[in-house]
Structures are given as C-alpha cells and as structure tokens.
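Since every read-out is calculated from the coordinates, none of them should be taken as a lab result. On a predicted model such as this, the values are computed, not experimentally measured, just so you know. Please note: Cβ atoms are built from the backbone with ideal geometry, for glycine as well, and neighbour counts cover all protein chains shown.
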Amino acid sequence: MHQDTIEKSAETPATRATGIYERLRADILSAELEPGRKLQLRFLTEHYGSGQTPIREALNRLASEELVIGKEQRGFFVKPISLDELQELTKTRCWVEGIALSESIQRATADWEEALLIAHHRLDRTPRSLDPETFKDNPEWERHHRRFHALLIGNCGSKPLIGFCEQLADRLYRYRALSIRKAFRVRKVSDEHAQIFKAAIERRTEDAVALLQNHYRRTADIIRADLGE
C-alpha cells in the first residue's frame, strides 16, 4: 500500500478536526485572518480543504477560547481587537506570571537553570527578523521566544497556572502580531530578555518579576500607540 494511502487511512475524523482547529487558530493568532473578519464557511472549507463539520467544530472550540465570536443569524467572526481587552489581558498576565515566576525561582534547581540558560542562548543568537533592514518575521525566533518565556514560569509547580498563562500569552500574541513591525524598529527586546534572565538565574526574585512585568507593559504600550490611542 502506498504511504499516502496508509496515512490517509490512519487519519480519523477526530484528528482531521484537530488539525483544522490548529491551523485556523494559528491563522487567527498570527492575524492572517484579521480581527473582525467574517469566517464564511465556503471560504474556510476551500482554504483548509475540509468539510463543514470539522470547520464548525473548530469554530465552536475557538469561540470557547474567545478567539472567535458567533452572531445569531450572521455566523462566525474573528474576535475584534479592543484596547480595553489589551489592558485587561496585560494586567492579568502581569499578575499571574509574576506569581508563577516567583514560585519558579523559589523552587529553582540546577536542571531548571540549565534549561533556562540554553533557551536564552538560543533566543539571543537567533535574529528577530529574516531581513535586518525591514521586518520579516522569523518563525524560529518566535519558537525560541515562547520557549524562553515558558521556562521562566514552568518551574512553578502548578500545571493549571501554567495553562492559564499559556492561554493569556496566545490571546496577547494576536495583538503583538498586528504591531510587530513598529516594535521591531523602536525596541531592543533582546536587552530586556537578558535582564530578566540574569535576575532569574541570580535568584533576585523581586527584580525578575518587576522586569518581566515591565517587559509586558512595554509591549502593551507599543501596541496601544500603534492602534491609535
């Protein structure tokens, strides 16, 4: 049997639905599907090569995550951006990640420090943009960036707290994606990461928490300015 046939026969409706959900979610978070856009079933089925049932399942799942909104008699839309939501999400992220980072540092081990060191090194050596003159997103940098931030709080000892932090990070990523070109020109984010890393490794808990929270607030300030407040 041909390999493609084997792979297709092994694919179940559940795995197909999950794959559609993940692709649709990624396109919303990256702003490929822009805020406020109507998610027409005909477009979605053609674009993602899927039937309507997996698409509807994905949309309902994304609605529960507050990335999509459903309007009676009108269908689904990508959730619009809101400066009020940006402020609320940033404030909440500062609160919960402050707690998570503090706990991570208090529970610090040699393995955690080594993993954080490697993550920061990889992030620091990876260019933010594929083009040094004009911004062109580098997916490898984003992967290392998420890994670094995940490790900062990942030693806190609370899976529910980590999960909530990940949800907040995802919802805020959508805002970052809309304003990243401006931030790239005006901000040396690598210096901020280095300061956070140094404080965490040296177990200066209060400094590390303050630096991380200021890092997030600075991001929100740039986004707010870019969105015209």
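Applying the Karplus relation 6.51 cos²θ - 1.76 cosθ + 1.60 with θ = phi - 60° to the stretch 29-44 yields 3J(HN,Hα) values of 5, 7, 6, 4, 9, 6, x, x, 5, 6, 9, 6, 4, 4, 4, 5 Hz, where x marks Gly and Pro.
Would you mind getting me the FRET efficiency between E32 and S158? Use the beta-carbon distance for r and R0 = 25 Å, nearest 0.05.
The calculated FRET efficiency here is 0.15.
How much FRET efficiency would the formula 1/(1 + (r/R0)^6) give for E206 and R16, where r is the Cβ-Cβ distance and R0 is 45 Å, rounded to 0.05? Write out the running numbers ahead of the final one.
Working: r = 48 Å, r/R0 = 1.08.
FRET efficiency, E206 to R16: 0.40.
Among the listed pairs K136/K159; K136/K198; K79/K136; K71/K159, those whose Cα-Cα separation exceeds 31 Å are K136/K159; K71/K159.
For Rg and Dmax of the Cα atoms in Å, the value computed from the atomic coordinates appears in the list (i) 19.6, 60; (ii) 16.2, 45; (iii) 18.4, 57 under label (i).
Counting only alpha carbon atoms, the long axis of helix 159-186 and the longest principal axis of the chain meet at about 90°.
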